[in-house]
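The values are calculated or read from the model by the stated rules, or taken from the named source; none is laboratory data. Predicted model only: the values in this text are computed from it and were never measured. Ligands, DNA and RNA are excluded from the accessible area calculation, which covers all protein heavy atoms including side chains. Shrake-Rupley method; radii C 1.70, N 1.55, O 1.52, S 1.80 Å.
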Amino acid sequence: QVQLVESGGGLVQPGGSLRLSCAASAIIFNILDMGWYRQGPGKQRELVAVVRSGGSMHYADSVKGRFTISRDNGKKMVYLQMNSLNPEDTAVYYCNANFQQSDYWGQGTQVTVSS
């Protein structure tokens, strides 16, 4: 069983930055593929970024060059640095852990980009 707790969301102006954090409780963290998803108002949940257990990363086209995902296996943490935010980034952001087709989710953290 994996429990995930997100933090770092909030209200930010367009062009601003936020850093999301996700703390995982897992006996063995470094075998997990870790990702961030988001669900905007009236939209389906979508993948934002993933960092796999081997270190490879993948980003949604809409966030490439603006967002950076990273992980700290020693601290069992995953981060999402979000720069150049725009109103279209407004969503609830969810931390995800995946291992052998089993998915675990955090409760989500709200990110609102507005002036």
Please say if segment 65-109 is rounded, prolate or oblate, where rounded means a/c under 1.5 for a ≥ b ≥ c the square roots of the C-alpha gyration tensor eigenvalues, and otherwise the choice is prolate for a/b larger than b/c and oblate otherwise?
oblate
Express in nm, to one decimal, how much length is gained between F99 and S84 on full extension, taking 0.36 nm for each residue of separation and deducting their alpha carbon distance.
2.3 nm
Once R66 and I31 are pulled to full extension, the length gained, defined as 0.36 nm per residue separation minus their Cα-Cα distance, is 9.9 nm
Give me the 1.4 Å probe accessible area per residue for the chain, excluding ligands and nucleic acids, in Å².
53
Considering only protein heavy atoms, what is the solvent-accessible area of M34 at a probe of 1.4 Å, reported in Å² to the nearest 10?
0
